[in-house]
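Let me begin by presenting the structure, written as structure tokens, before commenting on it.
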Amino acid sequence: MESNQNAIWDRCLEFIRDNVSIQAYKTWFEPIKPVQLQNDILTIEVPSQFFYEWLEEHYIKLLKMVVKKELGPKGSLEYSIVMDNSTDKAEAPYTIKLPTSNSRATKNPAVTPPYDMQRETKDIPNPFIIPGIKKVKVNSNLVPGNSFDNFVEGDCNRLARSAGYAVAENPGKTSFNPLFLYSPTGLGKTHLAQAIGIQVKNNYPDKTVLYVHSNQFLQQFIEATRNNNQNDFIHFYQMVDVLIMDDVHHLAGKEKTLDIFFQIFNYLHQKEKQIIITSDIPPVELTGFSNRLLSRFKWGLAADLQVPDLETRIAIIGKKIYNEGIEIPRDVVEYLAYSITNNVRELEGALISIIAQSSLNRKEINIDLAKQIIDKYVKSTNREISIEYIQKIVCEFFQLPLDVINSRTRKREVVQARQLAMYFSKKHTKSSLATIGKQCGNKDHATVLHAVKTINNLAETDKKFRNNLNDLDKKIKLT
């Protein structure tokens, strides 16, 4: 494998050598060492953080192109960065791994206004910058980390993600225009919306992509009204190729602002420009919007993002720690995924808190630290015990694989573990009997009631069973 990675990198260097100056090649490419080739990911070692940042800023497009040329369309690049923050010369430097970023992809080119928008007396003001700058430059407001590479796909978001990727491949030309993404807060709709914008920039660098939060749009309109340049405000937004309007529900009841947004929406749609809208609720539940605007929201596709399941939450944590270039024990990852079930943002926030505590206080990342952070930072968010976590505790108690509790087996120990999971789920969660049954072996509500009755009877007649029941109850309450 080592010879393979060296051969691949040698071929990459041959191509790079023909496309950069000799001095740039010697300075930025000769020091690079290929260290691993696995699953179409080529890992290269660079001598410093500055070296990595320079490659990302100036040569990432070339690097990505040559890696895909050699490894195919799924080929990607990963950095192993040599870090040396020690003053002790005897202590060897260490390395961290980081994926490529999208910092260049988020930058828009300068925009030339259409002929019918140009003024002889003054330039169209950009509401995102200080007035007086001559060229109309549009900051995309995209965050490089919010890419498709960092967006974890699961059953909870597959439709929205697939539609978003289709839009990014052919913006304005699909039937998903507008693309309306909705979900409760913290489930990734802003990330997905920005990922679409970043992918558009990757595919079409000359297109102008603009992400704007509805509150920012509102404040800009108020300022434009105060300065008597509403037309210029409209013309600026009409120059955009892909408009991403985040949290549109905040504009409810703002009639004048919505009238302006209606004009911008109509113009962009007629010109086959892409519109992406996010909201906490679906179009049918929006109030404070005119019927004509609501009908336009329904022209394209409305796709929801749901609460991620356990596997997706674990994958989200795994992606986050990979991007941070650190390693965390599996039991800590699972504890986080079981503890925080309804909000991806809170899940990532708790992970960042654990990493920060470990780094600042020089503490080992373990399950005790994780419990301390969860208790301190997450209990205030009304965290509930989940059915999944109860199943995990019960299976660990009986030393059973987690997946067996949802199997069709009728073995006595498995049946009892399943009944206990149902019993504690009814006791410690707000889930309906139907939901509990569905998540515990796809059973009906009558089976759940039978399980609860069986457990209560055993607790009354069997002292050993009653002791085990109390021990399990304590373990579950310690979450």
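Every number in this text was worked out from the coordinates using simple rules, so none of it is lab data. Being a predicted model, the structure only gives us computed values, none of them experimental. Methodologically, a virtual Cβ is constructed for each residue, glycine included, from the backbone with ideal geometry; neighbour enumeration extends over all protein chains shown.
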Helix 367-377 axis, angle to the chain major axis (alpha carbon atoms, nearest 10°): 70
Extended-chain gain in nm, criterion 0.36 nm per residue less alpha-carbon gap, residue 216 and residue 367: 50.2 nm
Mean Cβ count within 10 Å, highest first, over the residues of peptides 164-170, 284-290: 164-170, 284-290
Magnitude of the charge dipole, region 190-328, Cβ model with Lys/Arg +1 and Asp/Glu -1, debye to 20: 360
Neighbour net charge for residue 74 - beta-carbon separation under 14 angstrom, K R +1, D E -1: -1
Using θ = phi - 60° and Karplus 6.51 cos²θ - 1.76 cosθ + 1.60, couplings along region 334-346 (whole Hz; Gly, Pro as x): 5, 4, 4, 5, 6, 7, 10, 10, 10, 8, 5, 5, 5
Residue-wise HN-Hα coupling along region 304-321, computed from phi with Karplus coefficients 6.51, -1.76, 1.60 (Hz; x: Gly, Pro): 9, 10, 9, 5, x, 7, 4, 4, 5, 5, 5, 5, 5, 5, x, 5, 5, 6
Formal net charge of residues neighbouring residue 317 (Cβ-Cβ distance under 14 Å; K, R +1; D, E -1): -3
Residue-averaged [θ]222 nm for the chain, counting only DSSP H segments that reach four residues, each worth -39500 (n - 2.57): -15500 deg cm²/dmol
FRET efficiency, residue 397 to residue 477 (Cβ-Cβ, R0 22 Å, nearest 0.05): 0.95
Distance-filtered residues of region 440-456 - backbone nitrogen under 14 Å, label point 7 angstrom along residue 462 Cα→Cβ: 451-456
Protection-proxy order for peptides 432-441, 192-201, each taking the mean of Cβ atoms within 10 Å per residue, highest first: 192-201, 432-441
Inter-centroid distance (Cα atoms) of region 229-271 relative to region 1-56, Å: 45
Computed E for residue 155/residue 230 - FRET, C-beta separation, R0 60 angstrom, nearest 0.05: 0.85
Nearest-ten-degree value, helix 214-226 long axis tilted from longest Cα axis of the chain: 30
Cα lying deepest toward the dipole's positive end in the chain, options 390, 235, 25, charges on Cβ: 390
Gain upon complete extension [residue 294, residue 50; 0.36 nm per residue less C-alpha separation]: 82.9 nm
Relative contact order (%) - criterion: Cα under 8 Å, at least six apart; region: the chain: 11
Value of relative contact order over region 124-304, rounded to a whole percent, pairs C-alpha under 8 Å and six or more apart: 31
Charge context of residue 265, other residues only, Cβ under 14 angstrom, K/R +1, D/E -1: +3
Region 169-260: C-alpha gyration tensor shape, a/c 1.5 cut-off, then a/b vs b/c: oblate
Stretchable slack from residue 174 to residue 415, in nm (0.36 nm times residue separation minus alpha-carbon distance): 81.7 nm
Cα centre as origin, Lys/Arg/Asp/Glu Cβ charges: region 310-381 dipole, Debye: 180
Three-way shape call for region 387-477 based on the alpha-carbon gyration tensor, with the a/c threshold at 1.5: rounded
Volume per residue of the C-alpha convex hull in the chain, rounded to whole Å³: 215
Note, ³J(HN,Hα) from phi for region 16-25, Karplus 6.51, -1.76, 1.60, rounded to Hz, x at Gly and Pro: 4, 4, 7, 10, 9, 5, 4, 5, 5, 5
Three-way shape call for region 124-304 based on the alpha-carbon gyration tensor, with the a/c threshold at 1.5: oblate
Under-5 Å amide H pairs with residue 140, H placed in peptide plane, nonlocal only: 108
